[in-house]
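Below is one structure; the comments refer to it alone.
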Ligand code: IPM
Ligand code: MG
C-alpha cells in the first residue's frame, strides 16, 4: 500500500528523532512492500520563526489531507516570552481541535530490560505493569472559554476557565476505552472528581451507561486524587484508564515517570474515522537538542502505533515493537535509559540497531 504521512518535526530534538523514525518506516516499507510519501510541514516554534504564527492553515490542510501525521515535539525556552495565544503549544492544541483528535492513547508499561530504571521498589512493582491512559483530548477546561472577570466577593480581578463536558463527548471516549479494554485485559477504570464537579457527575453517569453495552468489560470508578495515589501504590491494578483532558494530562505524566524511561513512551491521538496524529509523549528537550544523543524509541514506537491503529498493519507494528525489544535486550542504550557507567549510543546508532532487527 501507499501512504501519505504529514511530518511535523517541530523543535528541539524533534527533527533528530523524527528522522530516525522515518527511516524505520522506510525499512518497514522495504520489508513488507509499502511505500510512504512524506510531506514535511512546520508547527510550533519553528513556524513562529518562519511565519510569525505557531500553526498555519497550510500545515492544517496538509495534516488533514494526509493518511496520518507524525509529530516530534514543539516548544522551547526561545519562545517562552511569546504571548499565550501564540505560544508553540497552541500548535498542538490547534491540530488536536482541527483534526478532531478526541481520543489520546498513552500506554505506559515497564520494559523488563529497563526494570532497574523504575523508581518504584521491586517489592511494590511486583510483575510490573502495562496500562494505557485513554485521555479525552478536545474538550474539558482546555477548550472552554478562558477569560478575566471581577470577583463577586470583592477580591478584584480573577481568571476564569470554563470546564464543561457534553454527554456526547463522554460517550465517544468511553466507547474507545471499552473497545480497547476488550482487546487487552478487559478492565476499564474511569477517573473523575464526581464528589465535587458537575462535569464529573455527567462523566460518571455516561461512562456507567455506556458500560452496560460492554458486559464483558469490568468497570470501576476512581476519584482522580485516589488514582494519582494508586498509580504509585499499585500500578499493576490498571488496564485501561479513561479520563478527561486535564486529569489525563496530569496522570499521564505520572504514569510515564513510573516507567522510569519517559524517552520510551509513544502516543496516538485519534479522530472518529480512526485517522490520527502520532507523537512521543516527551517534549522537545532543548537542553540536548542538536547533539545526536536523544532517544528515538518513543517516536519509533509511535510509528508502530500508527501502523496498528490507523493502517491496520498489525504484523508491521509487531515487527517494530519486537525490533525495539530486541535492541534493548542486546544492551543498546541511549543516555536517558543507561544505568550509571553503562555504554551509550547516539540517536542515529540506536535507529540503525532497530532497523537492523526488522
Ligand atoms: C501534553 C502536553 C500538552 C497538554 C501541552 C504542551 C499543551 O502537556 O500533550 O500532555 O497539556 O495537553
Ligand atoms: Mg502533558
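The values are calculated or read from the model by the stated rules, or taken from the named source; none is laboratory data. Bear in mind that the values here come from a model prediction, so they are computed numbers and not experimental data. Glycine gets a Cβ as well: all are built from the backbone with ideal geometry, and neighbour counts include every protein chain shown.
Considering only residues that are in contact with a strand residue (DSSP E or B) (Cβ under 7 Å, 6 or more places away or on another chain) and either within 12 Å of ligand 1 (Cβ to nearest atom) or assigned to a strand (DSSP E or B) (or both), which ones fall in the stretch 250-268?
Passing the criteria: 251, 252, 255, 256, 265, 266, 267, 268.
Among the residues of the stretch 98-133, what is the count of those that are touching a residue at least 12 places away in the same chain (Cβ under 8 Å) and more than 16 Å from ligand 2 (Cβ to nearest atom)?
First, the residues of the stretch 98-133 that are touching a residue at least 12 places away in the same chain (Cβ under 8 Å): 98-120, 124-133.
Now narrow it down to the ones that are more than 16 Å from ligand 2 (Cβ to nearest atom): 98-100, 102, 109-120, 124-131.
Selection size over the stretch 98-133: 24.
Within the stretch 272-287, work out how many residues are over 11 Å from the mean Cα position of the chain (by Cα) and surrounded by 18 or more Cβ atoms within 10 Å (Cβ to Cβ). Break it down into steps so the answer makes sense when it comes.
Looking only at the stretch 272-287, we keep the residues that are over 11 Å from the mean Cα position of the chain (by Cα), and these are 272-276, 284-287.
With surrounded by 18 or more Cβ atoms within 10 Å (Cβ to Cβ) added as a condition, the list becomes 275-276, 284-285.
Of the residues in that region, 4 qualify.
Looking at the structure I just gave you, is residue 47 modelled with pLDDT of 95 or more and within 25 Å of residue 274 (Cα to Cα)?
Working: modelled with pLDDT of 95 or more: yes; within 25 Å of residue 274 (Cα to Cα): no.
No; evaluated as a whole, the condition is false for this residue.
Which residue, of 17, 28, is more than 18 Å from residue 98 (Cβ to Cβ) and within 21 Å of the chain's Cα centre (by Cα)?
On the way: 28 fails: within 21 Å of the chain's Cα centre (by Cα).
Among 17, 28, only 17 is more than 18 Å from residue 98 (Cβ to Cβ) and within 21 Å of the chain's Cα centre (by Cα).
Within 16 Å of ligand 1 (Cβ to nearest atom), surrounded by 22 or more Cβ atoms within 10 Å (Cβ to Cβ) and outside any helix (DSSP H, G or I) - does that describe any residue in the stretch 188-204? Write out each step before concluding.
Looking only at the stretch 188-204, we keep the residues that are within 16 Å of ligand 1 (Cβ to nearest atom), and these are 191.
Filter again for surrounded by 22 or more Cβ atoms within 10 Å (Cβ to Cβ), leaving 191.
If we keep only those that are outside any helix (DSSP H, G or I) as well, we get 191.
Among the residues of the stretch 188-204, at least one is within 16 Å of ligand 1 (Cβ to nearest atom), surrounded by 22 or more Cβ atoms within 10 Å (Cβ to Cβ) and outside any helix (DSSP H, G or I), which makes the answer yes.
Residues that are within 14 Å of ligand 1 (Cβ to nearest atom), closer than 23 Å to residue 264 by Cβ and surrounded by 17 or more Cβ atoms within 10 Å (Cβ to Cβ): does the stretch 116-127 have at least one?
No, the stretch 116-127 has no match at all.
Output the number of residues of the stretch 81-110 satisfying the condition of being under 18 Å from residue 138 (Cα atoms) and touching a strand residue (DSSP E or B) at 6+ places or on another chain (Cβ under 7 Å).
9
Condition test on residue 97, is it assigned to a helix (DSSP H, G or I), within 15 Å of ligand 1 (Cβ to nearest atom) and surrounded by 15 or more Cβ atoms within 10 Å (Cβ to Cβ)? Write out each step before concluding.
On the way: assigned to a helix (DSSP H, G or I): yes; within 15 Å of ligand 1 (Cβ to nearest atom): yes; surrounded by 15 or more Cβ atoms within 10 Å (Cβ to Cβ): yes.
Yes: the conditions hold for residue 97.
Surrounded by fewer than 20 Cβ atoms within 10 Å (Cβ to Cβ) and in a helix (DSSP H, G or I) - does that describe any residue in the stretch 34-48?
no
Could you please give the count of residues in the stretch 10-33 that are surrounded by 15 or more Cβ atoms within 10 Å (Cβ to Cβ) and over 20 Å from residue 350 (Cα atoms)? Lay out the reasoning, then the answer.
Of all residues in the stretch 10-33, those surrounded by 15 or more Cβ atoms within 10 Å (Cβ to Cβ) come to 10-29.
Pick out the ones that are also over 20 Å from residue 350 (Cα atoms) and you get 10-11.
Residues in the stretch 10-33 being surrounded by 15 or more Cβ atoms within 10 Å (Cβ to Cβ) and over 20 Å from residue 350 (Cα atoms): 2 in total.
Within the stretch 212-232, count every residue that is closer than 20 Å to residue 198 by Cα, away from ligand 1 (no atom under 16 Å from the Cβ) and part of a helix (DSSP H, G or I). Reasoning before the result, please.
Filtering the stretch 212-232 down to residues closer than 20 Å to residue 198 by Cα leaves 220-227.
Now drop any that are not away from ligand 1 (no atom under 16 Å from the Cβ), which leaves 220-223, 225-227.
Checking the rest, the ones that are also part of a helix (DSSP H, G or I) come to 225-227.
Going through the stretch 212-232 one residue at a time, the tally reaches 3.
In the set 300, 242, 217, which member is farther than 20 Å from residue 109 by Cα, more than 16 Å from ligand 2 (Cβ to nearest atom) and either at pLDDT below 95 or buried (at least 19 other Cβ atoms within 10 Å of the Cβ) (or both)? Even if it seems obvious, please write down each step before you answer.
On the way: 300 fails: farther than 20 Å from residue 109 by Cα; 242 fails: farther than 20 Å from residue 109 by Cα.
None of the others qualify; the one that does is 217.
Answer yes or no: is there a residue in the stretch 247-267 that is on the phi > 0 side of the Ramachandran plot and either modelled with pLDDT of 95 or more or buried (at least 24 other Cβ atoms within 10 Å of the Cβ) (or both).
Initial filter on the stretch 247-267 (on the phi > 0 side of the Ramachandran plot): 260.
Within this subset, residues satisfying the condition of being either modelled with pLDDT of 95 or more or buried (at least 24 other Cβ atoms within 10 Å of the Cβ) (or both) are none.
So far as the stretch 247-267 goes, no, none of its residues is on the phi > 0 side of the Ramachandran plot and either modelled with pLDDT of 95 or more or buried (at least 24 other Cβ atoms within 10 Å of the Cβ) (or both).
Please specify each residue of the stretch 50-80 satisfying the condition of being out of contact with any strand residue (DSSP E or B) (no Cβ under 6 Å at 6 or more places or on another chain), at pLDDT 95 or above and part of a helix (DSSP H, G or I).
Hits for the stretch 50-80 are 50, 51, 57, 58, 59, 60, 61, 64, 65.
Go over the candidates 286, 296, 235, 280 one by one and state the one that is within 16 Å of ligand 1 (Cβ to nearest atom) and within 28 Å of residue 125 (Cβ to Cβ). Don't jump to the end; show me each part of the working.
On the way: 286 fails: within 28 Å of residue 125 (Cβ to Cβ); 296 fails: within 16 Å of ligand 1 (Cβ to nearest atom); 235 fails: within 16 Å of ligand 1 (Cβ to nearest atom).
After applying the criteria, what remains is 280.
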